[in-house]
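Only one structure is covered here, and it is reproduced in the block below.
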Amino acid sequence: MASWSLHPVRVAMNLDTLAYRIKYNFPAAFQVFYSITRGVAVVRHKRGRQAALACATIRGTISGRDSVIRPLESDDTGLVQTFLSGLPKEHLRYFQPHGMDHNAISGVLSSRAYCCYGVFVEEQIKAYCLIKLFPTRNAYIGRLVAPDCAGQGIGKFLSRYLCWQSSIIQVTPSSTIHRNNFPSLASHRAVRETAITDELPNGFVRVVYPKTESDSHPPELHL
């Protein structure tokens, strides 16, 4: 008699990809789907999330200026909204992980299904990134860096940082990146090997970041 076995990681990826397709093709149905799965993600990753956020603050320098990356909370909604609204539209062309209005941002920053972080240079927010937790052992990561800080290594730092935080939570980080978003693809690949696992609607691909030894310790913030 034939026996069948399913690799749990691959099954989880398939489920997360299915969720993306539902979001793209049936947005109303996705809201119902996400409201259910979000609760599961919160419970499953509660301890890991708490452990990650407890050590998430790193102080250092960027181009010789005092800098810090720290978790963001609902009180930071205005800062994040101002940062996002001040970015060129081209910057947001491929990165829209959530709504950009005040209520949507506040909901994300206060949600236990997310870990959100800000990079501050001399107390001004210059980058925003997040980890979106799924009920599976996978997670979505995304980041945005202010144009005036481009070329300073912040994007590469954030890739390492988000993978480190994901390792503490015990989830495998992945991104949905457009094939034409060459800077983002190049930035991630400069940090580690990546694997494209799925073709998604509208020219996007699912990119997974396998765990490496560097994920066991935080990256230094001296850029």
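Looking at segment 100-109, can you tell me whether even one residue there is outside any helix (DSSP H, G or I) and either farther than 20 Å from VAL68 by Cβ or in contact (Cβ under 8 Å) with a residue 24 or more places away in the chain (or both)? Within segment 100-109 (the criterion being outside any helix (DSSP H, G or I) and either farther than 20 Å from VAL68 by Cβ or in contact (Cβ under 8 Å) with a residue 24 or more places away in the chain (or both)), the answer is yes, since at least one residue qualifies.
Is one or more of the residues making up segment 79-87 surrounded by 14 or more Cβ atoms within 10 Å (Cβ to Cβ), in contact (Cβ under 8 Å) with a residue 40 or more places away in the chain and in a loop (DSSP other than H, G, I, E, B)? Working first, answer last.
Just the residues of segment 79-87 that are surrounded by 14 or more Cβ atoms within 10 Å (Cβ to Cβ), to begin with: 79-81, 83-84, 87.
Checking which are in contact (Cβ under 8 Å) with a residue 40 or more places away in the chain leaves us with 79-80, 83-84, 87.
After this cut, where a residue has to be in a loop (DSSP other than H, G, I, E, B) as well, the list is 87.
Scanning segment 79-87, I find at least one residue that is surrounded by 14 or more Cβ atoms within 10 Å (Cβ to Cβ), in contact (Cβ under 8 Å) with a residue 40 or more places away in the chain and in a loop (DSSP other than H, G, I, E, B), so the answer is yes.
Scanning segment 127-143 for residues that are touching a helix residue (DSSP H, G or I) at 6+ places or on another chain (Cβ under 7 Å) and open to solvent by 10 Å² or more (accessible area, probe 1.4 Å) returns PHE134, PRO135, THR136, ARG137, ARG143. Evaluation of GLN165 against the conditions (1) of a type in the set (S, T, N, Q); (2) touching a Ser or Thr at 6+ places or on another chain (Cβ under 7 Å); (3) part of a helix (DSSP H, G or I) shows that the sole unmet condition is (2). Scanning segment 161-170 for residues that are open to solvent by 10 Å² or more (accessible area, probe 1.4 Å) and either of a type in the set (Ser, Thr, Tyr) or at pLDDT below 95 (or both) gives a single hit, SER167. In segment 171-186, of all residues being open to solvent by less than 20 Å² (accessible area, probe 1.4 Å) and not aliphatic (A, V, I, L, M), the one that is modelled with the highest pLDDT corresponds to PRO173. Within the bounds of segment 53-63, is there any residue that is in a loop (DSSP other than H, G, I, E, B), modelled with pLDDT of 95 or more and of a type in the set (Lys, Arg)? No - not one qualifying residue is present in segment 53-63.
Among the candidates ARG143, ARG137, the residue that is closer than 30 Å to VAL40 by Cα, modelled with pLDDT under 95 and in contact with a Cys (Cβ under 7 Å, 6 or more places away or on another chain) is uniquely ARG143.
Identify, please: which residue in segment 188-211 is part of a helix (DSSP H, G or I) and either open to solvent by 20 Å² or more (accessible area, probe 1.4 Å) or more than 24 Å from GLY153 (Cβ to Cβ) (or both) and is, among those, modelled with the lowest pLDDT? Going through the qualifying residues, I end up with PRO201. Taking segment 110-126 as the range and being open to solvent by 30 Å² or more (accessible area, probe 1.4 Å) and outside any strand (DSSP E or B) as the test, the residues that pass are SER110, ARG112, GLU122, GLU123.
Checking the structure you have, find out if any residue of segment 146-156 is of a type outside the set (Ser, Thr, Tyr), open to solvent by 10 Å² or more (accessible area, probe 1.4 Å), out of contact with any Cys (no Cβ under 7 Å at 6 or more places or on another chain) and assigned to a strand (DSSP E or B). Checked against the condition, which is being of a type outside the set (Ser, Thr, Tyr), open to solvent by 10 Å² or more (accessible area, probe 1.4 Å), out of contact with any Cys (no Cβ under 7 Å at 6 or more places or on another chain) and assigned to a strand (DSSP E or B), segment 146-156 yields no hits at all.
The values are calculated or read from the model by the stated rules, or taken from the named source; none is laboratory data. Note that this is a predicted model, so its numbers are computed, not measured. Positions of Cβ are backbone-derived with ideal geometry, glycine not excepted, and every protein chain shown enters the neighbour counts. Note: accessible area is taken over every heavy atom of the protein model, side chains too, but ligands, DNA and RNA are not part of it. Shrake-Rupley method; radii C 1.70, N 1.55, O 1.52, S 1.80 Å.
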